Every structure is written in C-alpha cells, then in structure tokens.
Amino acid sequence: MEAKKRKLDVVVISDIHLGTFGAQAGDLADYLNSIDIDILVLNGDIIDIWQFNKRYFPNSHMAVIRAIFTKLSKGTKVHYITGNHDEMLRKFNGFSLGDFTIQNKIVLNLPTGKAWIFHGDVFDTSMKQSKWIVKLGGFGYDLLIRINSIVNWCSERMGRGRVSLSKKVKDSVKGVISYINNFEETVAEIAISKGYEYVICGHIHQPTIQEMTSKDGRVHYLNSGDWIENRTALEYVNGAWTLYTHEENKTKRDRIPDEKNHLNYEHLYNDVLMDNSYSLNFVEP
Ligand SMILES: [Mn+2]
C-alpha cells in the first residue's frame, strides 16, 4: 500500500540541474511523490539548459518532470522561477497556463507575512566579491559546483561514495565563504528595505533558514539549497518554515541503467507512429 503523503502548504526547491550528471533526480522524484502540496515553487536552475544534451536525459530525470505534472493535475499551483542555468526561459516571464506560471520572481502572501522569492543570480555582478571570484567572473562558484557534480558522478560509478568538493573548498577557501556571506547579506539588506517578512533564494547551493538583522530591521533569509549535493527543500506548513533534507538513496536503483535510456529517435519514432488506432500500411510487393 502506498504510504500516506505528507500535506504541506508551500514547498520551495531549486538548483536541480536536470540534464546534468550530478542531479539527484531519483531521490527528488521520491520526495515529490511523498508529499501533497498546495503551492510548489521551482526556484531556478531546474532544467540545466546551458549544459543540456539530448543524449543525456535519464528516466529518473523524466520522473521528476512527471511528478511535477502529476502535482499540477491534482491542483497544485506550480511557479517556475527562472535561474541563470535556465535563463532562456526568462523570455517567457509572465507566461501562465492554468495553474502553471513562469516568472522571474514572485511574492507569496503567507498568513505569517510576505515572502519574496527569486533565484538570486541577479546579485552575482553587483556584489562586492572576493578578488579571485571577481577575476573568474560570477562564474567561479558556479564552475566549482559543476566540477563537483562531475566528480561525484564518476566517483559513484567507481563504487566510491560521493565527495563534497564544494563543501571542502567552502570550508578551506576564505573567498568562497565571503562570497556566500556577501550574497546572504546583500539579499537580506534589500529585503529589509522592501519590508518583506521572508526572502527566499537558491543559486548558491547553501541551504539555510536564518534571521538576519541590519540597522533598518530584520528579515528571515531562507535558501532552498540544491539537489546535487544537499537534497534540500523548504517546507511551509502551519505558519512555519522548516528545512527538509532528503535521505540519500543508497541503492541507486535507477542511476546506472539510466544512461541507455536517453532520448533517441527510435523512442520518438515509436511514440509518434506506433499507435494502436492507426497503422502505417507499407506497400507490399
Ligand atoms: Mn543558479
């Protein structure tokens, strides 16, 4: 029997990077299928269009898309907020179809206050960053995350555990820590000046819920983390936010055989033409 689903008012997830090796899509599909939600906010970098390759889109990645569409069909409102890896979708800012919208930011009116939600890459260029990150352009931290995702993919296939490269680097390189701190402070400062109760970002793959103060006031800064390294989501229920961390699926049941199931023309051909109600009549000799 199917386990009873947890009921949640709002869930925010971000930085899934579907279409890349590092995405923990099987785990995410399990998570999505275990909850019932009124509002689902996909806060950017959901499909990694930068790195997208039609030869790599495994079943587990498709399962995430399917889980999202199932939610939609059951009445969940789904807000797709654009990130820098899916910035091509920014052209569609304002698009809506039924309960699905694409936006660059949203403001949710929660019973406990207004939540300002956006991906966060907008601050990459305006921040006072540490020198080496400035040299690399906002690109440096992103590159680190990408290298980590490839290293993990290889390491898993060699039967070793995942290595948290970015965690290690984060802990040892001062520049990264100041990048993260600058990001959080910049975001909080602006949110305070705008009078929001909550500000919610993704982008830096650093999950947290914290109250931040400045001379002008206070705000709750939240970050939904990612589904490459942390497997985290922000959940709002009964007027409170909590940070959820998904247990890693040790069996990896759906990871390795996946690769053979990339999108190909044979699949497409079968899907388009092999229909029971219609058959092609080849001319017989
Ligand atoms: Mn991003």
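Coordinate-derived values only; no laboratory data. All of these numbers come straight from a predicted model, not from anything done at the bench. For neighbour counting, all protein chains shown are included, and Cβ atoms are generated from backbone atoms with ideal geometry for every residue, glycine included.
Can you work out which of the residues in the stretch 81-99 that are of a type outside the set (D, E, K, R) and touching a residue at least 12 places away in the same chain (Cβ under 8 Å) is farthest from G120 (Cα to Cα)? Once the filter is applied, the top-ranked residue is G98.
So that you can scan it fast, the table gives a plain yes or no per residue for (1) in contact with a helix residue (DSSP H, G or I) (Cβ under 8 Å, 6 or more places away or on another chain); (2) within 16 Å of A233 (Cβ to Cβ):
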site	(1), (2)
I13	yes, yes
Q24	no, yes
D38	no, yes
L42	yes, yes
V64	yes, yes
V78	yes, yes
M88	no, no
G94	no, no
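Return yes when N104 is surrounded by fewer than 18 Cβ atoms within 10 Å (Cβ to Cβ) and either among the acidic types (D, E) or more than 16 Å from the ligand (Cβ to nearest atom) (or both) and no when it is not. Here the answer is no, as N104 does not meet what is asked. For L42, the test of being within 16 Å of V11 (Cα to Cα), hydrophobic (A, V, I, L, M, F, W, C) and more than 16 Å from the ligand (Cβ to nearest atom) is failed.
Taken together, the residues in the stretch 2-30 that are away from the ligand (no atom under 16 Å from the Cβ), closer than 24 Å to N53 by Cα and part of a loop (DSSP other than H, G, I, E, B) amount to 2. Taken as a whole, the structure places V64 among residues that are assigned to a helix (DSSP H, G or I) and within 12 Å of the chain's Cα centre (by Cα).
Check whether at least one residue in the stretch 68-91 is in a helix (DSSP H, G or I), exposed (fewer than 13 other Cβ atoms within 10 Å of the Cβ) and within 16 Å of the ligand (Cβ to nearest atom), and report yes or no. Within the stretch 68-91 (the criterion being in a helix (DSSP H, G or I), exposed (fewer than 13 other Cβ atoms within 10 Å of the Cβ) and within 16 Å of the ligand (Cβ to nearest atom)), the answer is yes, since at least one residue qualifies.
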